[in-house]
Amino acid sequence: MLSIKNLHAKIEDNQILNGLNLEVKPGEVHAIMGPNGSGKSTLASVLAGREEFEVTDGTVEYLGKDLLELAPEERAREGVFLAFQYPVEIPGVSTINFMKTAVNQVREARGQQPLDAVSFLGLMKEKMKLVEIDQSLLNRSLNEGFSGGEKKRNEIFQMAMLEPKLAILDETDSGLDIDALRIVANGVNKLRDKNKAIIVVTHYQRLLEYIVPDFVHVLYKGKIVKSGTKELALELEAKGYDWIKDEVAVV
Amino acid sequence: MSAVLETTPLLSDILASVKPEAGLKADALSVLEQLGLPGNKSEEYKFTPITRSLEKNFNFATKNSASELKSIESFAIPGVDAHTLVFVNGGFVEELSRYNQTDLKITPTSGTENGFGTLADFKSDALVAWNTAAWTSGISIEVKANTTVSKPVVLHYIHDTSKGEVKSFTRNIIRLGKSSSLTVIEKQDTIGDQAGFSNIITEGFVEENAALNIFSLQADKGKRFHFGQTSIWQARDSRMNSFTLTLDGKLIRNNLQLILDGEGIESHMDGLYILQGDTLADNHTVVDHRKPNANSNELYKGVIDDNAKGVFNGKIYVRPDAQKTNAFQSNRNILISDKATVNTKPQLEIWADDVKCSHGCTTGQLDEEAMFYLQARGIDKVTARAMMLYAFAGEVLDKINSGPLKNYFDSLISERLHKNF
């Protein structure tokens, strides 16, 4: 589904990704862990098409297409979804209006009829339950004045609405208390199926107790330096990242 | 203070075009002669080269040609049932106007109305002096005490330039009796592709507990050069709402001046300018708090594209007597193109010590992070931009109560911003 080869990326003059390789197949959940500054969020941003990052080398193939050639909105329409680490507050843009526009533009690109107001509201009600998000929140301006937990739930709600094939969760767990974390993770788990893949970028092992990954990768200095299964996450939690750094230094 | 005065060919033409008369007109003419038109060093017209524009585009030695306009249907505001008063090339056209006098009195301005010329100070501004000397027609509106005028009054300022350039000088006066209310809507339009200059002054007296709403729509696609001054005096417990929407025109200068001369007054001044091409829109506002316990609230927002220019100057005076004043002002701008500019300047002069006043101005570009967020959800760039700008403009639009006028403004704004969601 997603094949990243030798990916190099920089922002301004800072080289952040230094030859990253990753293969993701449908149905898989991959966790990307690593110390601060290792390039986790850069990877998420590059995959979603954030313009500030410049890809200097390497390829990203997604469902047979060159992902890097696509504009951010084209990626979204092809089924790539980024749950933002810091969802943006946009005063004056109602969440419902925004979601309806997004859903219908995505549907149009997929050759589907736009949803009318009634079917849209029906779909919305169904997905709201999934992440236990309240209608009153969605009547407000997009993320404006939302708590950290509400913002993250809104991200997962949007993900449910847009039905992506590849979801990238960028530190969706950071700053959440355990109840909010459970709700967010439940929402994600309900969206898991054999045709969809999820990349979970996280700093903490805690999330992975709720969203159990098939693979865990350690990102360090812009490269994946170690891959394993969920046990690797537990090991990282127990021992920290220093032993990884030492291992890399030895190599 | 004395200054060496130079009479430019433009000023000579202007002075010659105005027939000398006695009284206020003659006084104003001599003031105009003394002041001359504002040059590029004039503080009040620093960013708005009105004199140069007039020099370049008009010949004041010529008279307006006649218009054969038969209908104003294409200029009507959809769904708004109103008293419609039509000016064409500066003259009031009775045949095109539709109004009745059931709950208000509409007469041609005579210049002898009580208070005429006392609010718009012709001694300090040459453009005001010019109008005071040269006005040819206008409307006087009077509303009796305790009368709520059920229909708004729409003033159409039409330039028919199909046979040549147009210069128009209009002078209105509005008097609202105690506890009365009135809504006035002004609209500019041009026929033909030659230049037109309008100089329109409206003075308003809002007595105790009365309410005046003035909406000004400046969406003239023709070559409109405009100077306007609206000066409103408010007595205690009165309300005043002003809303100015500027979308088009070559050069638009709006002076808006509110005098809050009583307690318990509430005044709102809102403005939205969404400019493109080479339009210049300049809003100069003055709020003068003279008595205690009054509130004023001002919000002007601008979206400026292409080579367009925005100018905002907001003065707030709080006089020594005006304790417990609340005066808020905000001017926010988004520049879309590299060549778009805005000059914004708040000026607060506060002599009272127990007041709440704030002002703020910002100028920036579209928030790129927000744009990316919308695009990352599958929304194309054009729509994302329109969503952001519409949201930005919406804060001002929402100041208008819902109804056909708001719908009309909304449709014009949506069209300008390419809103398709």
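The values are calculated or read from the model by the stated rules, or taken from the named source; none is laboratory data. Just so it is clear, the model here is predicted, and its values are computed rather than measured. Cβ placement follows ideal geometry from the backbone for every residue including glycine, while neighbour counts extend to all protein chains displayed. Accessible surface is based on the protein model in full, side chains and every heavy atom, while ligands, DNA and RNA are left aside. Shrake-Rupley method; radii C 1.70, N 1.55, O 1.52, S 1.80 Å.
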Please determine, in degrees from 0 to 90 and to the nearest 10, the orientation of helix A:148-162 with respect to the longest principal axis defined by the Cα atoms of chain A, where the helix direction is its Cα long axis. 70
Loop only per DSSP, at most 13 neighbouring Cβ atoms within 10 Å: give me the GluC sites (Glu not before Pro) in segment B:31-137, ordered by residue number. B:68
With each run of n ≥ 4 DSSP H residues scored as -39500 (n - 2.57), what mean residue ellipticity at 222 nm is computed for chain B after dividing by its residue count and rounding to the nearest 500 deg cm²/dmol? -5500 deg cm²/dmol
Nearest 20 debye, what's the magnitude of the dipole of segment B:22-367 about its Cα centre given +1 on Lys and Arg Cβ and -1 on Asp and Glu Cβ? 300
For peptide A:66-73, compute the average count of partner chain beta-carbon atoms within 10 Å of each residue's beta-carbon. 3
Using protein heavy atoms only (no ligands, DNA or RNA), what is the total accessible area buried between B and A, 1.4 Å probe, nearest 100 Å²? 2000
Where does the charge balance sit around residue A:40 when Lys and Arg score +1, Asp and Glu -1, over other residues with C-beta under 13 Å from its C-beta? -1
Per residue of segment B:277-289, in order, report the coupling 6.51 cos²θ - 1.76 cosθ + 1.60 (Karplus, θ = phi - 60°) as ³J(HN,Hα) in whole Hz, putting x for Gly and Pro. x, 10, 5, 10, 10, 10, 10, 10, 10, 9, 10, 10, 7
Take the Cβ-Cβ distance between residue A:3 and residue B:358 as r, set R0 to 51 Å, and report the resulting FRET efficiency rounded to the nearest 0.05. 0.40
If amide H atoms are modeled at 1.01 Å from N in the peptide plane, then the residues at a separation of 5 or more from residue B:256, or on another chain, having amide H under 5 Å from its own are B:230, B:284, B:285, B:286
May I ask you to give the average projected area over all directions of the convex hull of the Cα atoms of segment A:2-240, in nm² rounded to one decimal? 12.6
Can you say what percent of the DSSP beta bridges in the protein assembly as shown, counting only those with both residues inside, are antiparallel? Round to 5. 15
Residue A:147 and residue B:414 label points (each 7 Å along its Cα→Cβ direction) are spaced in nm at 3.7
Which residues qualify? For residue B:90, with a placed amide H closer than 5 Å and at least 5 residues away or on another chain, they are B:158
Buried by partner chains in segment B:368-401 (accessible area down by at least 40 Å² vs chain alone, 1.4 Å probe, heavy atoms, protein only) are B:369, B:372, B:373, B:375, B:376, B:377, B:378, B:379, B:380, B:387, B:391
First check a/c for the protein assembly as shown, with a ≥ b ≥ c the square roots of the eigenvalues of its C-alpha gyration tensor; if it is under 1.5, answer rounded, and if not, answer prolate when a/b is larger than b/c or oblate otherwise. prolate
Not counting ligands, DNA or RNA, and with a 1.4 Å probe, what is residue A:241's accessible surface area in Å² rounded to the nearest 10? 30
Can you list the residues, at least 5 places off or on another chain, whose amide H is less than 5 Å from the amide H of residue B:342, using H built in the peptide plane? B:310
The alpha-carbon pair-distance distribution computed for segment B:368-421, with 10 angstrom bins and whole-percent values, is 25, 46, 23, 6
Placing +1 at every Lys and Arg Cβ and -1 at every Asp and Glu Cβ, with all other atoms neutral, what dipole size does the protein assembly as shown have around its Cα centre, in debye to the nearest 20? 700
note: segment B:20-141, Cα-Cα separations exceeding 24 Å make up a percent value of 45
What does the structure give for A:136-146 when I average, per residue, the other chain Cβ atoms found within 10 Å of the residue Cβ? 1
Taking all pairs of different Cα atoms in chain B, averaging 1/r and flipping that mean, what Kirkwood radius in angstroms comes out? 22.1
Heavy-atom accessible area per residue of the protein assembly as shown, all protein chains kept, 1.4 Å probe, expressed in Å², is 42
As I understand it, the dipole of the protein assembly as shown uses +1 on the Cβ of Lys and Arg and -1 on the Cβ of Asp and Glu, about the Cα centre. Which of B:11, B:279, B:358 lies farthest toward its positive end? B:279
³J(HN,Hα), Karplus 6.51/-1.76/1.60, whole Hz, each residue of segment A:230-246, x for Gly, Pro: 4, 5, 4, 5, 5, 5, 5, 4, 6, 9, x, 9, 4, 5, 5, 4, 4
Counting pairwise Cα distances across segment A:1-106, what percent come out greater than 15 angstrom? 68
Could you give the distance between the Cα centres of segment B:240-261 and segment A:139-178, to the whole Å? 43
Whole-Hz Karplus couplings 3J(HN,Hα) for segment A:88-101, θ = phi - 60° and coefficients 6.51, -1.76, 1.60, Gly and Pro as x, run 7, 7, 10, x, x, 9, 6, 4, 5, 4, 4, 5, 5, 4
Heavy atoms only, probe 1.4 Å: what % of the accessible area of segment B:223-352 goes to carbon and sulfur, would you let me know? 42
If you roll a 1.4 angstrom probe over the protein chains with everything in place, what fraction of the accessible area of segment B:368-421 belongs to carbon and sulfur, to the nearest %? 46
Accessible area of residue A:56, 1.4 Å probe, to the nearest 10 Å²? 70
The ratio Rg/Rh over the Cα atoms of segment A:113-169, Rh being the Kirkwood inverse mean 1/r radius, stands at 0.97
